[in-house]
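Visitor: Starting off with a structure, shown below.
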């Protein structure tokens, strides 16, 4: 009997069940989003896929299938001679395409004929994405979330990293979105992922969380740069208990000056970004800030932007987006010792909040 590929639903942890996850879609499809850890072995590249699609629409499906079959066969032969040549008999790949149809089926059938225990994702990438979004929604509703809030530069990201180092469950949305969440938040060396890719990264993180421990995350708007937070998560964040981080202006300015170091020296980008604040401030104020940037007065400039722009437009307590803080913790400086001390205090309060044992009135430390 001829061996056939096994057709399965997308597994929770494919890389623990299979030796390799193979995405046979075109490079542009793969770049937009893919199963994390998958490799891309396209059976049709972008130009070939466009060519077959054009023939399908303008000539006939039959002619498109003939041309497509020749292209797919040629590409699969190349993959067999290169990527698969050194695989042992016990090799077990998981293969998927857009909908689990002809592209992935073509490769999977040949791999099965060779004798490998290949599996095919039923429904392909579309099924994977549906599962990812469903999991995000289910986890958002079930998890005990705790939001860290505080004025810009208070050190919330540093504290999330330290909480992670302490073994706590942490969801660093700014890291996943590759954006610091402010008008200056874009990372020059690391562009933001696509919306779909962000959601896949979010799924990778959230599916590992357990409901018996709190999950810490930072207060964010519904949009981080050009990335939208999934609505179930955003709604859950708005009703979650809040721990406020209180840090003095001077400490926040020093921290942000160091944290935004990639911006320093890029006068044109700074000027363009400051121009985006014209709807909020006078031309005189914008000109003064630009002059400080031209003189390289970075820390004083950051301090003025915090005091005159960010702090005036950001409310930490009960502002309609997040709950009023139930705990306020001081972070007087952003050195390693103070960050560790504050993170330990957050974890202590977080365990009580997660168990519903928090005091009814705010606590200040």
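Read-outs: derived from the displayed coordinates by stated rules, not from any lab. Please read all numbers here as calculations on a predicted model, not as lab measurements. Reconstructed Cβ throughout: ideal geometry from the backbone, glycine too, with neighbour counts over all protein chains shown.
Visitor: For the chain, what does the helix formula give at 222 nm: sum of -39500 (n - 2.57) over DSSP H segments with n ≥ 4, over the residue count, nearest 500 deg cm²/dmol?
Guide: Helix contribution divided over all residues of the chain: -14500 deg cm²/dmol.
Visitor: Apply the a/c threshold of 1.5 to the C-alpha gyration tensor of segment 236-349 and tell me whether it is rounded, prolate or oblate.
Guide: Verdict is oblate for segment 236-349.
Visitor: Now a separate question. Run the quick spin-label model on residue 348 and residue 47: label points 7 Å from Cα toward the beta carbon, then report their separation in nm to one decimal.
Guide: Each label point lies 7 Å from its Cα, and together they span 6.5 nm.
Visitor: A further question follows. Roughly how many Å is it from the Cα centre of segment 288-341 to that of segment 82-122, as a whole number?
Guide: Comparing the Cα centres of segment 288-341 and segment 82-122, I get a distance of 53 Å.
Visitor: Continuing with the same structure: How far, in nm, would the chain grow between residue 208 and residue 239 when pulled straight, counting 0.36 nm per residue and subtracting the alpha carbon separation?
Guide: 8.9 nm
Visitor: Could you work out which residue, out of 223, 126, 278, moves most in a Gaussian network model of the chain, that is, has the largest mean-square fluctuation with Cα springs under 10 Å?
Guide: 278
Visitor: Using Cα springs under 10 Å in a Gaussian network model of the chain, which residue among 265, 150, 137 shows the largest mean-square fluctuation?
Guide: Looking only at 265, 150, 137, the biggest GNM fluctuation is shown by 265.
Visitor: Also, I was wondering about something else. What do you get for the angle between helix 124-142 and the principal long axis of the chain? Use alpha-carbon atoms, 0 to 90 degrees, nearest ten.
Guide: Taking the Cα atoms of the chain, the angle to 124-142 is about 30 degrees.
Visitor: I'd like the orientation of helix 61-81 relative to the chain: the angle between its Cα long axis and the longest Cα principal axis, in ° from 0 to 90, rounded to 10.
Guide: Between helix and principal axis, roughly 80 degrees.
Visitor: Continuing with the same structure: Scattering from the C-alpha atoms of segment 5-116 alone, worked out with Debye: what is log10 I(q)/I(0) at q = 0.12, 0.15, 0.18, 0.21 1/Å?
Guide: -0.42, -0.66, -0.92, -1.21
Visitor: Please state the shape class of segment 219-268: rounded when a/c is under 1.5, otherwise prolate if a/b exceeds b/c and oblate if not, all from the C-alpha gyration tensor.
Guide: In terms of gyration-tensor shape, oblate.
Visitor: Follow-up question, since we're still on this one. Comparing 341, 272, 207, which has the greatest mean-square fluctuation in the GNM of the chain with Cα pairs linked when under 10 Å apart?
Guide: 272
Visitor: Find the centroid of the Cα atoms in segment 1-29 and in segment 193-251, then give the distance between the two in whole Å.
Guide: Going from one Cα centre to the other spans 30 Å.
Visitor: Quick one: angle between helix 195-206 and the longest Cα principal axis of the chain, in degrees between 0 and 90, rounded to 10, please.
Guide: Once rounded, the angle reads 80 degrees.
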